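Asks: Got a structure for you, written out below as structure tokens; questions coming shortly.
Any read-out appearing in this document is the output of simple, stated calculations on the displayed coordinates, not a laboratory observation. Please read these numbers as outputs of a predicted model, since none were measured by experiment. As a convention, Cβ positions derive from the backbone with ideal geometry for all residues, glycine included, and neighbour counts pool all protein chains shown.
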Amino acid sequence: MKIEKDRVVRFHYAVAESGAESVESSKEGGKPLAILFGRGQVIPGLEKAMDGREAGDSFKANVPALEAYGEKREGLTQRIPKKHFGDQKLETGMQVVLQTNFGPRAVTIEKIGMSVVDVDLNHPMAGKDLDFDIEIVEVREASAEELEHGHVHGDGGYAH
Ligand code: ZN
């Protein structure tokens, strides 16, 4: 069965900045990721690369920044009181997760002052071309309930 819109796809992935070592892999946790295909649950470039593939396919996909997390935007620096970072030791260039009104958000530390910290709100992978290694584990029809909820149930998906 081929991957197409509204089918359930379970897959392993490893991702790296182009030319670098892989920084994140679903194999570390052992469980494939499960998505309802064609609904923007993965970055656009990856969706494009997966379209039409089948279970058992392994392939590499190079995704340019524009089809990944977008270009890095200027002016996304924000000054935040140091106390919001708790006890963690801070370093320039480090990525930390801040609790915001919109949920947890990964930011990059730009500058550390006495009582404030400047952080860059760009996605850590913004402006980067990404290399993916993909292994399609399963492709199946989504159930009516999954289509209605807009996400996958069961293995690798939501349990409720
Ligand atoms: Zn659900």
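Asks: Taking the beta-carbon count within 10 Å as an exposure proxy, list 35, 43, 80 from fewest neighbours to most.
Replies: 80, 43, 35
Asks: Same structure again: Kindly flag which residue pairs out of 31/60; 72/111; 27/72 have an alpha-carbon separation exceeding 24 Å in this structure.
Replies: The answer is 27/72.
Asks: At a Cα cut-off below 20 Å, give the lysines reachable from residue 5, other chains included and same-chain residues fewer than 8 away excluded.
Replies: Here the lysines satisfying the reach criterion relative to residue 5 are 48.
Asks: Gain in length, residue 20 to residue 88, computed as 0.36 nm per residue apart minus the alpha-carbon separation, to one decimal in nm?
Replies: Going from the current span to full extension adds 21.7 nm.
Asks: Going 7 Å from the Cα of residue 115 toward and past its Cβ, which residues in segment 48-92 have a backbone nitrogen under 17 Å from where you end up?
Replies: Once the point is set 7 Å along Cα→Cβ of residue 115, 79-86 turn out to lie under 17 Å by backbone N, inside segment 48-92.
Asks: So what's the net charge close to residue 158: Lys and Arg +1, Asp and Glu -1, counting the other residues with Cβ under 11 Å from its Cβ?
Replies: Residues close to residue 158 contribute a combined charge of -3.
Asks: Quick one: if you stick a label point 7 Å off each Cα along the C-beta vector at residue 141 and residue 62, how many nm between them?
Replies: 3.9 nm
Asks: Based only on Cα atoms, what mean projected area does the convex hull of the chain have, in nm²?
Replies: Projected area, direction-averaged: 11.1 nm².
Asks: Still on this structure, I have one more. Where in segment 1-46 are there trypsin sites (Lys or Arg not before Pro) that are in a DSSP coil and have at most 14 other Cβ atoms within 10 angstrom of their Cβ?
Replies: When the trypsin sites (Lys or Arg not before Pro) of segment 1-46 are filtered for loop state and at most 14 Cβ neighbours within 10 Å, 5, 39 remain.
Asks: Can you pull out the trypsin sites (Lys or Arg not before Pro) in segment 44-123 whose DSSP state is coil and whose Cβ has at most 16 other Cβ atoms within 10 Å?
Replies: 72, 73, 89
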